[in-house]
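Below is one structure, written out as structure tokens; comments come after it.
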Amino acid sequence: MADTLTVNPLTAGLERLPVHPTTLVIFGATGDLARRKLLPALYNLAHEGALPERFHLVGSSRSEMADEEFRARAADAVRAFSRRPPDEAVLEALLASSCYVSGSFDDPTVYERLEAVLTAHDEEAGEPLDRCFYLSTAPSFFPVIVRELGARGLDTHAGTGGLEGAQARVVVEKPFGSNLHEARELNAQVLDVFREGQVFRIDHYLGKETVQNVLAFRFANAMFEPLWNRNYIDHVQITAAEDIGIGSRAGYYDASGALRDLIQNHMLQLLTLLCMEPPVSFSADEVRDEKVKVLRAIRPPAAGDAVRAQYTAGTTSGEAVPAYRDEEGVPDDSTTETYAALRLEVDNWRWAGVPIALRTGKRLARKVTEIAVTLKPVPHQAFGMDGAVGPQPNQLVLTVQPNEGVTLKFGAKIPGVGGPNSRMRVRPVNMEFLYGTAFLSQSPEAYERLILDAMRGDATLFTRNDEVEAQWAICEPVLNAWAAERGGPATYPAGSQGPAEAEALLEGGWRAI
Ligand code: BG6
């Protein structure tokens, strides 16, 4: 495929920021995330020439295997999951210098062997390479790995054998704790070893082009921002619906549930980008300062502001699917929610009184992630309503996925002169922008952007320590209330719009999924 950067005039002007030569260590390199996302993302970065000229990959996990086998498995993962079919020569070049360090994460000799590999790469380069440690393991290993990296002195890179120093960074996957207390504890453990500036907490939604576009949409256009407040906006609906079930992740998911899995992180990120004040600059701290202010302005949700539900058997995409409790690995009496909806309010000058409703669920009618902003109706109805025909409030929909784009709904005159008694009639129409057709290029996967930014040391699209704690503080009262409840969650049939109970959260109703 031709390089879209050179053929697409709309992407002209894209700047590639340099990345310092780096050795990337992936802990959990044989895991699902590495196979499906991280290794394919690295391949696509290599394909686009975005990796530094000197780049080494080191895989680490418990399984014993030789470097050769690791390379073969990594190549298979790329072939299976890359967004573009790999060019074998590029793939081979990417993996040529990669190696594998096996062992249990609490075994200090793992870090000793790792250090030897890192030092060898530095010496071969004749300069110290940046070191990026990617924690893609089960969360229980995060503190262990961080502690061992610190014990071995790998949290800094002062340089060895007369070489000047370089950067050391750590990327931490989600979930970052499973409640406020755990998140605080994990922050303390991580920050005991690394400085905040070295820590990159992943929320892969921030790596999505359409999520970053929320900021571009708001702050690069004069048209919408004057309306972006309680005077014009009636309410906001944020949806992250999935048609898939839990696959083979019952162990993780049953202990987590929808609120922790998607609302605490991804959906609150969407909310903060939508509601934040314009930052003074797009530097990591300026942006995150504004985001944290939004989170702190959110009132703790009351019991009536949250709904949870679990799917029963049903049909999705024409296929009969079992109830959540009948999924493999899920206890028969599980009360874990597979659907969660929350009504929040950002209690500040700009947003006070505007309901912001969030909903997410597995096994809903289809996959769609969107932010729908509904404006207040016009103050005077000059045009009559006739059934569904008539003026309706403007609605702006930012579609995160699929069919990435932006739609603006507004009223237009229905054409025609009509009969002798006919009045002018108005109905809603849509104005649409679609990424795929406008830019004629395939968007990169979120992980491509995030891996590159972490290696560059740009933390704008990563969650800061105070941000992650503020997110947990919002979810905590709901989690506690649910834990204390006698009854279990409501139910909804797989393949449906979700539970009827969620309707009460939003006057005027939810958009169809
Ligand atoms: C993950 C959740 O963080 O996000 C999954 O753990 C969910 O349960 C996934 O399916 C959704 O991501 P995306 O990019 O497909 O919207």
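Results, tabulated for the structure shown:
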item: Top-ranked residue of region 230-244 - restricted to ones that are within 10 Å of the ligand (Cβ to nearest atom) and open to solvent by less than 10 Å² (accessible area, probe 1.4 Å), ranked as nearest to Gln310 (Cα to Cα); result: Ala241
item: Residues of region 471-493 satisfying the condition of being closer than 18 Å to Asp289 by Cβ and either without any contact (Cβ under 8 Å) to a residue 40 or more places away in the chain or open to solvent by 10 Å² or more (accessible area, probe 1.4 Å) (or both); result: Ala473
item: Some residue of region 248-257 being buried (at least 21 other Cβ atoms within 10 Å of the Cβ), closer than 21 Å to Trp482 by Cβ, among the small types (Gly, Ala, Ser) and within 16 Å of the ligand (Cβ to nearest atom); result: yes
item: All positions within region 434-474 that are over 17 Å from the mean Cα position of the chain (by Cα) and modelled with pLDDT under 95; result: Leu434, Tyr435, Gly436, Thr437, Ala438, Phe439, Leu440, Ser441, Gln442, Arg456, Gly457
item: Residue pairs meeting the criteria (Cβ under 7 Å; at least 6 apart or on separate chains; first assigned to a helix (DSSP H, G or I), in region 262-274; second within 11 Å of the ligand (Cβ to nearest atom) and open to solvent by 10 Å² or more (accessible area, probe 1.4 Å)); result: Asn265/Lys174; His266/Tyr205; Gln269/Tyr205; Leu270/Tyr205
item: Checklist (1) surrounded by fewer than 17 Cβ atoms within 10 Å (Cβ to Cβ); (2) within 16 Å of the ligand (Cβ to nearest atom); (3) part of a helix (DSSP H, G or I) applied to Asp285, failing item; result: (2)
item: Exclusive hit being free of Cβ contacts under 8 Å to residues at least 12 places away in the same chain and not acidic (Asp, Glu), set Ala216, Ala241, Ala168, Ala183; result: Ala216
item: Qualifying residue in region 274-282 (condition: within 16 Å of the ligand (Cβ to nearest atom) and hydroxyl-bearing (Ser, Thr, Tyr)); result: no
item: Helices (runs of 4 or more DSSP H) fully within region 435-513 counting 2 or more residues that are closer than 21 Å to Gly197 by Cβ; result: 446-456, 465-484
item: Residue tally, condition assigned to a helix (DSSP H, G or I) and open to solvent by 90 Å² or more (accessible area, probe 1.4 Å), over region 290-309; result: 2
item: Cβ-Cβ under 8 Å pairs, at least 6 apart or on other chains, region 244-256 side touching a residue at least 12 places away in the same chain (Cβ under 8 Å) and assigned to a loop (DSSP other than H, G, I, E, B), far side aromatic (Phe, Trp, Tyr) and within 9 Å of the ligand (Cβ to nearest atom); result: Ile246/Tyr253
item: Residue match in region 45-61 (condition: assigned to a helix (DSSP H, G or I) and either open to solvent by 60 Å² or more (accessible area, probe 1.4 Å) or modelled with pLDDT under 95 (or both)); result: yes
item: Top-ranked residue of region 115-144 - restricted to ones that are touching a Ser or Thr at 6+ places or on another chain (Cβ under 7 Å) and within 25 Å of Glu448 (Cα to Cα), ranked as surrounded by the most Cβ atoms within 10 Å (Cβ to Cβ); result: Arg131
item: Matching residues in region 310-323 - criterion: being outside any loop (DSSP other than H, G, I, E, B) and either over 26 Å from the mean Cα position of the chain (by Cα) or more than 17 Å from Arg366 (Cα to Cα) (or both); result: Thr312, Gly314, Thr315, Glu319, Ala320, Val321
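The values are calculated or read from the model by the stated rules, or taken from the named source; none is laboratory data. From a predicted model like this one, the values you see are computed outputs, not experimental measurements. Backbone-built Cβ (ideal geometry, glycine too); neighbour counts: all protein chains shown. Areas reflect the complete protein model, heavy atoms only, side chains present, ligands, DNA and RNA absent. Shrake-Rupley method; radii C 1.70, N 1.55, O 1.52, S 1.80 Å.
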